[in-house]
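Values in this text are rule-based calculations from the coordinates and carry no lab data. Here the structure is a predicted model, which means the values were calculated and not measured. As a convention, Cβ positions derive from the backbone with ideal geometry for all residues, glycine included, and neighbour counts pool all protein chains shown.
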Amino acid sequence: MVVGGLAIAICAGCGQERRTGDDQRKEESCVAESVGTLHLLSTVPQCPFDDWICRVKCTVGDGASCLAMAYAAEENTPATDEASRLYHRGCLLGVAIACTNYAAHIWAGEASDDRLACARRTFEKACAVKEPFACGMVGRFLLESTTPVPYAEGRRHLETTCAELGGFSCRVLAKHLESGKLGEYRPEDIQGLLKRACAGGDPDGCGEHVTAAETFK
């Protein structure tokens, strides 16, 4: 009966997550400094955007449900801002990939230097627990959002995380190697890196591709 009452209260405003003053202050500060220990998820529940059960679970502190709701919001174009808020909440609840996706929203938008610095710290925090997409994004940040560009550092980071984790870091490394800005490489290395990306859980590396660059939309 308690859960039912909670569901009614929340679903009265089901289109938008309720945020307290504390939630607002945490979102305005850098999540990298607000979040505690991060963890990787083995599975993510399936949640349609209007699934009130997932929304209840997210509201009461289930990070995996927040992540699932954020994925559903990403598919609902008018709910893009809510996706960012849900990633933020999932991140605060300790879900590493939610932190990665929240930081990616910052990085992809029009952000101040302080917000971009926050995105970098958030990617780095998620990468520290071996979240593979975060590690790839650390490399992208170094090579695409840093002035002057630290080419040697970016290459070392991507080579190390690709060798250790596979996945997205390998595809980012392939893209920047074929640009010619990271130094020498063998042309056959690109396809090998894309295959390693695919095998490591990065679906955009799978299939037949002429270049690594074409896998980035």
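If the only charges are +1 at each Lys and Arg Cβ and -1 at each Asp and Glu Cβ, what is the size of the charge dipole of the chain around the Cα centre, to the nearest 20 debye? Don't skip to the answer; put the middle values down first.
On the way: 23 positive and 30 negative charges, 73 e Å.
Here the size comes out at about 340 debye.
Once fully extended, how much extra length lies between A163 and D114, figured as 0.36 nm per residue of separation less the alpha-carbon to alpha-carbon distance? Walk me through the numbers before you get to the answer.
Working: separation 49, 0.36 × 49 = 17.64 nm, distance 3.13 nm.
Between A163 and D114, full extension yields an extra 14.5 nm.
How do 192-202, 94-104, 60-70 rank on mean C-beta neighbours within 10 Å, highest first?
On the way: 192-202: 19.3, 94-104: 26.2, 60-70: 22.5.
The packing order, highest mean first, is 94-104, 60-70, 192-202.
Give me the count of lysine pairs in the chain whose alpha carbons sit under 27 angstrom apart, restricted to pairs 8 or more positions apart or on different chains.
Within the chain, the lysine pair count is 18.
Quick check on the exposure proxy: order L165, L173 from fewest to most C-beta atoms within 10 angstrom.
Details: L165 21, L173 31.
So the ranking, lowest neighbour count to highest, is L165, L173.
Can you give me the long-range amide H partners of E131? Hydrogens built in the peptide plane at 1.01 Å from N, cutoff under 5 Å, separation of 5 or more residues or another chain.
Amide H to amide H, under 5 Å and 5 or more residues apart or across chains, E131 pairs with nothing.
How much mean residue ellipticity at 222 nm does the chain get from its helices, if each DSSP H run of length 4 or more adds -39500 (n - 2.57) and you divide by all residues, to the nearest 500 deg cm²/dmol?
-19000 deg cm²/dmol
By counting other Cβ atoms within 10 Å of each Cβ, how are F123, F133, F216 ranked from fewest to most? Walk me through the numbers on the way to the answer.
Numbers: F123 29, F133 22, F216 11.
Neighbour counts put them in this order, fewest first: F216, F133, F123.
What order do you get for E131, E164 when you list them from fewest to most C-beta neighbours inside 10 Å? All intermediate terms of the calculation are to be shown ahead of the outcome.
Numbers: E131 26, E164 13.
So the ranking, lowest neighbour count to highest, is E164, E131.
How large are Rg and Dmax for the chain when calculated on the C-alpha trace, in angstrom?
18.6, 65
May I ask for the equivalent-ellipsoid semi-axes of the range 35-153, computed as the square root of five times each C-alpha gyration tensor eigenvalue and listed largest first in whole Å?
26, 15, 11
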